[in-house]
Amino acid sequence: MASNAAVPFWRAAGMTYITYSNICANLVRNCLKEPDKTEALTREKVHFSISKWTDGKPEKPTLRSDSPDE
Amino acid sequence: MVIVPATTGQMGAELKPGVLSVHEGNETSKYFVSSGFVFIHANSFADIIAVEALPLHQIDANLVQKGLAEFTQKLSSATTDLEKAKAQIGIDVHSAFNSALTG
């Protein structure tokens, strides 16, 4: 098996692979022609629902739809 | 195309931005992948997991040139390690695009 001597530059700068991968994917999407570009940008949206728990019970959840920043 | 008799019977690798070509008989399809993993099983089947994989004709050459210039400039003006890393990633992705378009 290959031995991993040098760490990749992004890991040396404190970045994780998933951050690296998401940055790459974002850059790739930004270099597409239309209409593929608008279609790709929809893939970048994240939707999630968050609820805080107090006293063992969840409070009302909040829904968030974030576009990526950075 | 390379076939490697790995002793473990399985092989995997982490992908970087670049071209993936699929050879089927006499035909080759090329895709640009943003990043991901490849895992080769003992029975020679390969799984490719990529965040973004697109046929080359979807790439806009003008945006690639602009992006390359922008990130080259960002690298020279970057101060922190993180900024430098991000600028370097930008350069790597756009250079890989360039090779994909010209190669």
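The values are calculated or read from the model by the stated rules, or taken from the named source; none is laboratory data. These numbers come from a predicted model, not from an experiment. Reconstructed Cβ throughout: ideal geometry from the backbone, glycine too, with neighbour counts over all protein chains shown. Remember, those area values only see protein heavy atoms, side chains included, never the ligands or the DNA or RNA. Shrake-Rupley method; radii C 1.70, N 1.55, O 1.52, S 1.80 Å.
List of remarks:
- Of the residues screened, B:G103 is not one that is within 11 Å of chain A (Cβ to nearest Cβ) and not hydrophobic (A, V, I, L, M, F, W, C).
- Some residue of region B:25-37 being outside any strand (DSSP E or B) and within 12 Å of chain A (Cβ to nearest Cβ): yes
- Test: residue in region B:5-15 that is modelled with pLDDT of 90 or more and closer than 27 Å to A:A13 by Cα: no
- Members of region A:8-52 found to be open to solvent by 70 Å² or more (accessible area, probe 1.4 Å), within 7 Å of another protein chain (Cβ to nearest Cβ) and either among the small types (G, A, S) or part of a helix (DSSP H, G or I) (or both), listed by number: A:F9
- Selected residue (criterion: most open to solvent (accessible area, probe 1.4 Å)) from residues of region B:43-80 that are under 16 Å from A:Y17 (Cα atoms) and facing chain A (nearest Cβ under 7 Å): B:V51
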